[in-house]
Number of protein chains: 2
Amino acid sequence: MKKFAVIVAGGSGQRMGSDIPKQFLLLKGKPLLQYTLQTFLKTYSDLQIILVLPHADIETGEEMVCKMNMEKRVQITTGGATRFHSVQNGLNEIRERSIIFVHDGVRCLVTEQLIADCYQQALEKGSAIPAVTPTDSLRVEQDGDSQTIDRNKVRIIQTPQTFISGILLPAFNQQYQPSFTDEATVVEAAGNKVHLIDGDYDNLKITRPIDLVIAEKILEAQLTS
Amino acid sequence: MKKFAVIVAGGSGQRMGSDIPKQFLLLKGKPLLQYTLQTFLKTYSDLQIILVLPHADIETGEEMVCKMNMEKRVQITTGGATRFHSVQNGLNEIRERSIIFVHDGVRCLVTEQLIADCYQQALEKGSAIPAVTPTDSLRVEQDGDSQTIDRNKVRIIQTPQTFISGILLPAFNQQYQPSFTDEATVVEAAGNKVHLIDGDYDNLKITRPIDLVIAEKILEAQLTS
């Protein structure tokens, strides 16, 4: 089936201590975001990318895609006020029955394997939400008190959150709610069940300066394996 | 007040892909565990360490402590079948009214600042459980279904879990329960409330090979700051 990846890259470089938006920080000489795009493009030759960027970064994004020589497969659109609105803008470009990946631009270590696993499950069950189990103890805090929770029941959610278009597109016609923190919550609010799938501990979201160093090491390991 | 640190180091090197128990893996030429001990010893000159090691590692531990010239301040005892039993063995050595830190040996990046913060709060409130807020979305899985949970209410628990002896020692006289995954759960089961405190994102638990690389980078940053 036809495949689309809506790649959302709206972060600033603030927490990274940089003026450069984090999606354009360099990892071994190339912008983070370029790794993300390349892995999706490589996984399926019939996959189209809709890259959602803040208005201020559109030009930088266009230059990057041009250098990659991928203008035909990567379309750029402008982000909105929240993640929901950004993804909504991206989805507006999709009319076809398809499998749609929604992915954080700064998860630049996503593998072809994880993308293929998500595709397969979304095709069979309608959705695939990659998730891993925490390695530390967890508690829930409420009204100044806290309670332990069984970490074996908790899942840390990653992307690409992957859906069949018939489920994802109607869900994004809903009115925005502040509880829409990811695509899974949007799809659930529309009355659908979501299905988790094993994620990948190395599928890191680049958030802090140290993450760039970690990403470089994981990348080296991926390239030599 | 007198201070004790019960440092638990019972891990194997399995997940690290090494035959060396992970607490003895080298970080810039020194065993991980040595960093952990040094930071506690440096923070307070009246602090005594009770190091809990698996039987097979006692000799390696003794050699390390001897090289550090810290035999007077570090006592070694043998671990038990679970974390609860290991900590219990360590606490058996403590008779004095004191503040007691219970710490993972492989959290070798713990700072003097965090130790001092935990001490202060334990003195005032009876306990201090360092915790940080997750950066990813979370779900709870049950019976094949999953539900989103508000990540702003979830805390990732670290060590040193710190208590006043009058709370911690009696709690460890309880019968073991499988729900005793850390010291906070033991203290709660004994009818006491525990108090969280801001942890430190860099206070990493060395679990996977990549963590050693990350630890080295954080250590470099700490040494130059």
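The values are calculated or read from the model by the stated rules, or taken from the named source; none is laboratory data. Just so it is clear, the structure is predicted and the values come from calculations on it, not from any experiment. Quick reminder, even Gly has a Cβ in these numbers, built from the backbone with ideal geometry, and neighbours come from all protein chains shown.
For residues that are in contact (Cβ under 8 Å) with a residue 12 or more places away in the chain and on the phi > 0 side of the Ramachandran plot, tally how many sit in segment A:19-58.
Residues that pass the stated criteria total 1.
Each row is one residue, and each column tells you yes or no for (1) in contact with a strand residue (DSSP E or B) (Cβ under 6 Å, 6 or more places away or on another chain); (2) on the phi < 0 side of the Ramachandran plot; (3) modelled with pLDDT under 90; (4) away from chain B (no Cβ under 11 Å).
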{"position": "A:LEU168", "(1), (2), (3), (4)": "yes, yes, no, yes"}
{"position": "A:ALA171", "(1), (2), (3), (4)": "no, yes, no, yes"}
{"position": "A:GLN174", "(1), (2), (3), (4)": "no, yes, no, yes"}
{"position": "A:ALA184", "(1), (2), (3), (4)": "yes, yes, no, no"}
{"position": "A:ARG208", "(1), (2), (3), (4)": "no, yes, yes, no"}
{"position": "A:ILE218", "(1), (2), (3), (4)": "no, yes, yes, no"}
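Is it true that B:THR224 is without any contact (Cβ under 8 Å) to a residue 40 or more places away in the chain, of a type in the set (Val, Ile, Thr) and within 7 Å of chain A (Cβ to nearest Cβ)? Break it down stepwise before answering.
Numbers: without any contact (Cβ under 8 Å) to a residue 40 or more places away in the chain: yes; of a type in the set (Val, Ile, Thr): yes; within 7 Å of chain A (Cβ to nearest Cβ): no.
Criteria not met by B:THR224.
Regarding B:GLY80, is this residue small (Gly, Ala, Ser), within 21 Å of B:ASP211 (Cα to Cα) and either touching a Leu at 6+ places or on another chain (Cβ under 6 Å) or surrounded by 15 or more Cβ atoms within 10 Å (Cβ to Cβ) (or both)?
On the way: small (Gly, Ala, Ser): yes; within 21 Å of B:ASP211 (Cα to Cα): no; either touching a Leu at 6+ places or on another chain (Cβ under 6 Å) or surrounded by 15 or more Cβ atoms within 10 Å (Cβ to Cβ) (or both): yes.
Considered against the rule, which asks whether it is small (Gly, Ala, Ser), within 21 Å of B:ASP211 (Cα to Cα) and either touching a Leu at 6+ places or on another chain (Cβ under 6 Å) or surrounded by 15 or more Cβ atoms within 10 Å (Cβ to Cβ) (or both), B:GLY80 comes out as no.
For every residue, the table says whether it meets (1) surrounded by fewer than 19 Cβ atoms within 10 Å (Cβ to Cβ); (2) of a type in the set (Val, Ile, Thr); (3) more than 11 Å from every other protein chain (Cβ to nearest Cβ).
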residue	(1), (2), (3)
B:CYS108	no, no, yes
B:ALA116	yes, no, yes
B:SER146	no, no, no
B:ILE157	no, yes, no
B:SER179	yes, no, no
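Please find, within segment A:188-206, the residue that is farthest from the other protein chains (Cβ to nearest Cβ) out of those that are in a loop (DSSP other than H, G, I, E, B), under 14 Å from A:ALA128 (Cβ atoms) and not charged (D, E, K, R).
A:ASN192
Of the numbered conditions (1) farther than 29 Å from A:PRO160 by Cα; (2) more than 9 Å from every other protein chain (Cβ to nearest Cβ); (3) out of contact with any strand residue (DSSP E or B) (no Cβ under 8 Å at 6 or more places or on another chain); (4) surrounded by fewer than 19 Cβ atoms within 10 Å (Cβ to Cβ), B:LEU123 satisfies every one except a single condition; which is it?
Evaluating B:LEU123 over (1) farther than 29 Å from A:PRO160 by Cα; (2) more than 9 Å from every other protein chain (Cβ to nearest Cβ); (3) out of contact with any strand residue (DSSP E or B) (no Cβ under 8 Å at 6 or more places or on another chain); (4) surrounded by fewer than 19 Cβ atoms within 10 Å (Cβ to Cβ) leaves (3) as the failure.
Can you name the residue in segment B:119-153 that is in contact with a Leu (Cβ under 6 Å, 6 or more places away or on another chain) and among the hydrophobic types (A, V, I, L, M, F, W, C) and, of all such residues, is modelled with the lowest pLDDT?
Ranking the candidates gives B:ILE149 first.
Tally time: how many residues in segment A:95-106 are surrounded by 18 or more Cβ atoms within 10 Å (Cβ to Cβ) and out of contact with any Cys (no Cβ under 7 Å at 6 or more places or on another chain)?
First pass over segment A:95-106, keeping only residues surrounded by 18 or more Cβ atoms within 10 Å (Cβ to Cβ): A:98-106.
Add one more test, that the residue is out of contact with any Cys (no Cβ under 7 Å at 6 or more places or on another chain), and what stays is A:98-100, A:102-106.
Looking only at that region, the number is 8.
For segment B:93-139, give me each residue that is closer than 23 Å to B:GLN174 by Cβ and free of Cβ contacts under 8 Å to residues at least 12 places away in the same chain.
Within segment B:93-139, B:ARG95 is the sole residue that qualifies.
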